[in-house]
Amino acid sequence: MSQREDSWTARAARLAEQLENDGALHDPLWKEAVAATPRHELVPTFYRQSPEHHEWEPVDTATPEGFDAAYSPTTLVTSLDERDHPLSSSTKPDLVVRMLELLGVREGHRVLAVGTGSGYTTALLAHRLGDRSVYSVDIDPALVEAARGRLARVGCHPTLACRDGAEGLAEHAPYDRILATCSVPRVPWPWADQLVSGGTILVNVMPAAFNAGGLVALHHCGDRLEGRFADQWASFMGMRGAGPTVPGQHRAPDTGNPRTRTTNAPPTPWWDNRVVWLLAQFHGLPDGVTIGMRGEAQTGHPVAATMTAPDGSAAEIALAATNGHHEVTETGPTSLWEPVERAHRTWLTHGKPDWPRLGLTVTEHEQRLWIDHPDSPSHWTL
Ligand SMILES: C[S@@+](CC[C@H](N)C(=O)[O-])C[C@H]1O[C@@H](n2cnc3c(N)ncnc32)[C@H](O)[C@@H]1O
């Protein structure tokens, strides 16, 4: 064995150990798969943003620094578009194994992985299930070809196809499990048609705004897919073709006639209370809202959360609270904060539900978010 092989096997084994110690990995068979997968071969180069200028710079995983990153629980951006927005990444291994465990993959299962990317997730699946049980699609032909070559070099030959993942991969259906590592605003119905009865889909559902959604495990029962959100929150890049993946054009903020009041809702629900942030999408938050932070003029120290909408409406919420209340200032035609407050009230009324109390029912004609039970009166259509 060459020194290099020895070092990657040692590093992959250490990564597997770390994932187990961190509580991300429980199943010895996934531990074995992580220890046997040379992530640096599947990700020969990744892009990292420079701390000063936020410019993306390539990092070769043959360098010591790149090699360290490849065997760490870190997401590695592997492809950028012409505007420098990430198009693909190798999902962080801790999240990949958590998802594989949540999905309940077992020997003998046939699995479709939507979003091949670097091929790392596909390689773990192929290691455990064998090439003939693993299928993966990506919309990007260059990524599919690169993944095919690299997977072959590490001894994996799953079936890969360049396809819009929203269509699934009908010619090899049915699957026992479908895993999507790009987010979707709504669950594509072809997946239900390609899933065995009793099969499971794990997908990141993000209906509209930035980070508003979570991971849902949906089981195929009768004419529907149904299941609950996972405790483990995650956010994936959006499925291309399924809706805007980058914010569209906003009108210049309308700064006239500011309206000021106070609020007891969390000032940054997109980080502090993601259930409220998801519910806000169903309480009147307009599409295309972007969020940010305003820093103090002299120090840059963050002092307020900001929201802007395509129609020029804006809201600013002070991070500091007085007696649990934050000052809110809004301008423009649409209140962006009222939907958040309404969602916060719904959340309080329901006893502050966490993710697993929320669920989704998907039929061919309707997709519905609910709290506690599919027949709950508290439900909203996606
Ligand atoms: C986070 S990356 C996947 C990471 C992958 N699981 C890995 O381990 O490297 C998301 C991938 O989804 C792909 N993707 C985006 N839209 C898609 C679509 N409509 N159909 C199939 N794949 C899509 C992207 O090209 C990207 O490679």
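Ignoring any ligand, DNA or RNA, what whole percent of the accessible area of the chain comes from carbon and sulfur when the probe is 1.4 angstrom?
Ligands and nucleic acids excluded, carbon and sulfur reach 50 percent.
Once phi is turned into ³J(HN,Hα) by the Karplus curve 6.51 cos²θ - 1.76 cosθ + 1.60 with θ = phi - 60°, what whole-Hz value does each residue of segment 155-162 show in order, with x for glycine and proline?
Couplings: x, 10, 9, x, 7, 10, 8, 8 Hz.
Each residue of segment 109-125 in turn: what ³J(HN,Hα) in whole Hz from Karplus with 6.51, -1.76, 1.60 and θ = phi - 60°, glycine and Pro shown as x?
6, 9, 10, 10, 9, 9, x, 5, x, 6, x, 5, 4, 4, 5, 4, 5
Hey, can you find the accessible area per residue of segment 314-382 for me, probe 1.4 Å, expressed in square angstrom?
Solvent-accessible surface per residue comes out at 47 Å².
In nm, to one decimal, how far is the modelled label at Asp60 from the one at Ala13, with both set 7 Å along Cα→Cβ?
2.8 nm
Given a Förster distance of 22 Å, report the FRET efficiency between His219 and Asp287 from their Cβ-Cβ distance, rounded to the nearest 0.05.
So, using R0 = 22 Å, E works out to roughly 0.15.
Relative to the first principal axis of the alpha-carbon coordinates of the chain, what is the inclination of helix 337-349, with its axis defined by its Cα atoms, in degrees from 0 to 90 and to the nearest 10?
The two axes meet at around 70 degrees.
Contour minus end-to-end for Ala161 and Thr349, with contour as 0.36 nm per residue of separation and end-to-end as the Cα-Cα distance?
63.0 nm
Using the Cα centre as the reference, give the magnitude of the dipole from point charges on the C-beta atoms of the chain (Lys, Arg: +1; Asp, Glu: -1; all else neutral), rounded to the nearest 20 debye.
Dipole of the chain, to the nearest 20 debye: 440 debye.
Ordered by packing density, taken as the mean number of other Cβ atoms within 10 Å over each peptide's residues, highest first, how do 217-225, 70-78 rank?
70-78, 217-225
Treating the angle as unsigned and between 0 and 90°, give the value, to the nearest 10°, between the Cα long axis of helix 3-21 and the longest Cα principal axis of the chain.
Tilt of helix 3-21: around 50 degrees.
Once the Cα atoms of helix 93-103 and of the chain are each reduced to a long axis, what angle between those two axes, in degrees from 0 to 90 to the nearest 10, is obtained?
Relative to the chain, helix 93-103 is tipped by roughly 90 degrees.
What whole-number distance in Å separates the alpha-carbon centres of segment 72-116 and segment 147-187?
Using only Cα atoms, the two centres lie 11 Å from each other.
Given axes a ≥ b ≥ c from the Cα gyration tensor, I'd like to know whether segment 259-349 is rounded (a/c under 1.5), prolate (a/b larger than b/c) or oblate.
Since a/c reaches 1.5 but b/c is at least a/b, the shape of segment 259-349 is classed as oblate.
For the chain, what D do you get in µm² per second when you plug the Kirkwood radius from alpha-carbon pairs into Stokes-Einstein at 4 °C and 1.567 mPa s?
58 µm²/s
Please work out whether segment 178-237 counts as rounded, prolate or oblate from its C-alpha gyration tensor, where a ≥ b ≥ c are the square roots of the eigenvalues and a/c under 1.5 means rounded, while otherwise a/b larger than b/c means prolate and anything else oblate?
Prolate, because a/c is 1.5 or more and a/b exceeds b/c.
Applying a 10 Å radius around every beta-carbon, put 24-32, 337-345, 363-371 in order of their mean neighbour count, most first.
Per-residue Cβ counts within 10 Å, averaged per peptide and sorted highest first, yield 337-345, 24-32, 363-371.
Please compute the per residue accessible area over segment 3-229 with all protein chains in place, 1.4 Å probe, rounded to a whole number of Å².
The answer is 41 Å² per residue.
What full-extension length gain, to one decimal in nm, is calculated for Asp68 and Glu364 as 0.36 nm per residue of separation minus the Cα-Cα distance?
Working it through step by step, the gained length comes to 102.0 nm.
If packing is taken as the average number of other Cβ atoms within 10 Å across a peptide's residues, how do 305-311, 288-294 rank, most packed first?
Those peptides, ordered most packed to least, come out 305-311, 288-294.
Give the calculated FRET efficiency between Ala297 and Thr45 to the nearest 0.05, with a Förster radius of 41 Å applied to their Cβ-Cβ distance.
In this case the efficiency is close to 0.55.
Using a 7 Å offset from the Cα along the Cα-to-Cβ direction at both Ser376 and Arg259, what is the distance between the two label points in nm, to one decimal?
According to this spin-label approximation, the distance is 2.9 nm.
The values are calculated or read from the model by the stated rules, or taken from the named source; none is laboratory data. Remember, it's a predicted structure, so these values are computed and weren't measured experimentally. FYI the Cβ positions are ideal-geometry reconstructions off the backbone, even for glycines, and counts take in every protein chain you see. Calculation scope for accessible area: heavy atoms of the full protein, side chains included, ligands and nucleic acids excluded. Shrake-Rupley method; radii C 1.70, N 1.55, O 1.52, S 1.80 Å.
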